[in-house]
Amino acid sequence: QVQLEESGGGLVQAGGSLRLACATSRSIFSSNSMGWYRQAPGKQRELVARISSGGWTNYADSVKGRFTISRDNAQNTVSLQMNSLKPEDTGVYYCRVSGTIGVYWGQGTQVTVSS
């Protein structure tokens, strides 16, 4: 069973920062891509950022220059540093693992940015 343990999130004012983290087992983390997606109320879930097992990254245009995704191989954790947050960044953020094991999602963590 694939488990993704998300942490971080919360309420922040516009312009502020938050850091999300997602931990999983070493065997899953080392050989699969990890990513963060978000879903705003009434909207479809969308890619925020993802990172391959080799460290290749991809970002949504709306977060480029503000968000940074990274892998901590020692902790089997993928993090999303979110700076200069905007109200439109509000939503539920989901961790996702994909690759040889298929696709699995975390339970999600709420991020709310007040104006």
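The values are calculated or read from the model by the stated rules, or taken from the named source; none is laboratory data. Computed from a predicted structure; not experimentally measured. Please note: Cβ atoms are built from the backbone with ideal geometry, for glycine as well, and neighbour counts cover all protein chains shown. Only protein heavy atoms, including side chains, enter the accessible area calculation; ligands, DNA and RNA are left aside. Shrake-Rupley method; radii C 1.70, N 1.55, O 1.52, S 1.80 Å.
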Paramagnetic label zone (point 7 Å from Cα along Cα-to-C-beta, Ser114; backbone N under 11 Å) in the range 1-36:
11-14
How large is log10 I(q)/I(0) at q = 0.11, 0.20, 0.21 Å⁻¹ when the Debye formula is applied to the Cα atoms of the range 1-108, each weighted equally and without solvent?
-0.30, -1.01, -1.11
Suppose R0 equals 35 Å. What FRET efficiency, 1/(1 + (r/R0)^6) with r the Cβ-Cβ distance, do Arg45 and Asn73 give to the nearest 0.05?
0.85
The FRET efficiency for Ser98 and Ala14, from their Cβ-Cβ distance with R0 = 35 Å and rounded to 0.05, is 0.65
Just to verify a number: FRET efficiency for Lys64 and Gln1, C-beta to C-beta distance, R0 = 41 Å, to 0.05?
0.75
Counting only protein heavy atoms and a 1.4 Å probe, tell me what percentage of the chain's accessible area is made up of carbon and sulfur.
44 percent
The size of the Cβ-based charge dipole (Lys, Arg +1; Asp, Glu -1) of the chain about the Cα centre, to the nearest 20 debye, is 120 debye
Starting with the highest mean, order 61-67, 38-44 by the number of other Cβ atoms within 10 Å, averaged over the residues of each peptide.
61-67, 38-44
Order 86-92, 8-14, 53-59 from most to least packed using the mean count of other Cβ atoms within 10 Å.
86-92, 8-14, 53-59
Solvent-accessible area per residue, Å², over the chain with all protein chains present [probe radius 1.4 Å]
53 Å²
